[in-house]
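Beneath this line is the structure, given in structure tokens, with notes to follow.
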Amino acid sequence: MKRALFAGSFDPFTIGHRNIVERALKMFDSVVIGVGVNDGKNPMFPLDKRLQGITEAFADEPRVEVASYEGLTVDFARECGACCLLRGVRNGRDLEYERQIAAFNSRVAPEIETVLLMADARYEDISSTLVRELYRYGKDISDLVGW
Ligand code: ADP
């Protein structure tokens, strides 16, 4: 059984993230969405809200699990039995960033592969940062969040 870990901050989980999970389900038997708890980051959406929202979004999909984790992503991948780290790439900047993380992760955990999915053209402009910006100024973000 092939399981992938899709790890991120998901502050908030957007329709772009959701699209990555839906496409990954065509390639993997199951996907764990790991919400990383990072002491250095001060999230706009509380951890509980993110976990609950993402869990509800995939309530009808038994092949998706949602969990929070602290520490190294590769350690959490090993813990959940994931063979692959799933990430999304929107542009050249994402690619450069993801390339370095993937190389470093494979140095630390050579048995775990990184799988990069290109963002769907419909969602490549969407980032959690921009959605937070809208939210901060009181705009409706319900069409952009994936929960
Ligand atoms: P992190 O804080 O780890 O960068 P994010 O929650 O911002 O986590 O993103 C998690 C992953 O989802 C990253 O690989 C990011 O490139 C990808 N991603 C973010 N937005 C989109 C999108 N609109 N389409 C596809 N992938 C995306």
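Each reported figure results from applying straightforward, stated rules to the coordinates on display, with no laboratory input. Only a predicted model underlies this, so the values are computations on that prediction, with no experimental measurement involved. Every residue, glycine as well, gets a Cβ built from its backbone with ideal geometry; the counts of neighbours run over all protein chains shown.
Values as computed for the structure displayed
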| quantity | calculated |
| --- | --- |
| Qualifying positions in the stretch 1-45 - under 20 Å from residue 121 (Cα atoms) and of a type in the set (D, E, K, R) | 18, 22, 23, 26 |
| Qualifying residue in the stretch 17-28 (condition: within 22 Å of residue 83 (Cβ to Cβ), away from the ligand (no atom under 15 Å from the Cβ), without any contact (Cβ under 8 Å) to a residue 12 or more places away in the chain and out of contact with any helix residue (DSSP H, G or I) (no Cβ under 6 Å at 6 or more places or on another chain)) | yes |
| Identity of the residue in the stretch 7-46, small (Gly, Ala, Ser) and within 8 Å of the chain's Cα centre (by Cα), that ends up nearest to residue 57 (Cα to Cα) | 34 |
| Check on residue 64, within 14 Å of residue 6 (Cα to Cα) and touching a helix residue (DSSP H, G or I) at 6+ places or on another chain (Cβ under 7 Å) | yes |
| Count of residues meeting criterion [without any contact (Cβ under 8 Å) to a residue 12 or more places away in the chain and in contact with an Asp or Glu (Cβ under 6 Å, 6 or more places away or on another chain)] in the stretch 89-103 | 0 |
| Complete set of residues in the stretch 100-147 that are within 13 Å of the ligand (Cβ to nearest atom), surrounded by 13 or more Cβ atoms within 10 Å (Cβ to Cβ), of a type outside the set (A, V, I, L, M) and not in a loop (DSSP other than H, G, I, E, B) | 105, 114, 128, 132 |
| Failed item in (1) at positive phi; (2) touching a Leu at 6+ places or on another chain (Cβ under 8 Å), with residue 10 passing the rest | (2) |
| Residue 37 being exposed (fewer than 15 other Cβ atoms within 10 Å of the Cβ), touching a strand residue (DSSP E or B) at 6+ places or on another chain (Cβ under 7 Å), closer than 17 Å to residue 11 by Cα and not charged (D, E, K, R) | yes |
| Out of 75, 94, sole residue that is closer than 22 Å to residue 117 by Cβ and either within 12 Å of the ligand (Cβ to nearest atom) or in contact with a strand residue (DSSP E or B) (Cβ under 9 Å, 6 or more places away or on another chain) (or both) | 94 |
| Cβ-Cβ under 9 Å pairs, at least 6 apart or on other chains, the stretch 58-78 side touching a residue at least 12 places away in the same chain (Cβ under 8 Å), far side acidic (Asp, Glu) | 58/65; 61/22; 63/29; 69/75; 69/79; 70/39; 76/70; 78/111 |
